[in-house]
1. Which of the residues that make up segment 33-47 are under 30 Å from residue 145 (Cβ atoms) and either touching a helix residue (DSSP H, G or I) at 6+ places or on another chain (Cβ under 6 Å) or loosely packed, with under 11 Cβ neighbours inside 10 Å (or both)?
2. Can you give me the number of residues within segment 10-32 that are part of a loop (DSSP other than H, G, I, E, B) and out of contact with any helix residue (DSSP H, G or I) (no Cβ under 8 Å at 6 or more places or on another chain)?
3. Could you give me the residue pairs with C-beta distances under 9 Å whose first residue belongs to segment 15-34 and is at positive phi, whose second residue is part of a loop (DSSP other than H, G, I, E, B) wherever it lies, and which are 6+ apart or on separate chains?
4. Out of segment 1-10, which residues are free of Cβ contacts under 8 Å to residues at least 40 places away in the same chain and either surrounded by 13 or more Cβ atoms within 10 Å (Cβ to Cβ) or within 19 Å of residue 46 (Cβ to Cβ) (or both)?
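Read the figures in this text as sums done on the coordinates, not as results from a lab. The shown structure was predicted, so the numbers you read here are calculated from the model rather than taken from an experiment. Neighbour counts are summed over all protein chains in view; Cβ atoms, including those assigned to glycine, are modelled from backbone coordinates with ideal geometry.
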């Protein structure tokens, strides 16, 4: 984010953990309501920001070789208006205790499954934060510099 900000871009981090985002229950109420989900939580606000953004960075810790539940829930909840999330540059950031990039490929493929449904989405970069077991471990790893440089080039 710092690199993108220094490059003159407007940025915002949305911490999913701080948002109340319920699970999609496949009721299809959104399809009957013109794209408006029947659930009243923070997802409508997050979805508006995703639709308005030029660039989306999706970041998740990798738990048991896939994305965390909060990220998957957010992805599922875009169902009501995912067709409006179009022409975006997409970046992925993943962190895991494992020191091998290959251990994170299922997560990247999960992200790609989502972004392949977005019209005009262009994958622009991936940062693999390998070897980050405890909170804060990532700060001393090469992934931080990679993320900074990636942000400068947005």
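1. none
2. Qualifying residue count, segment 10-32: 8.
3. From residues that are at positive phi, there are no pairs.
4. Result: 10, single match.
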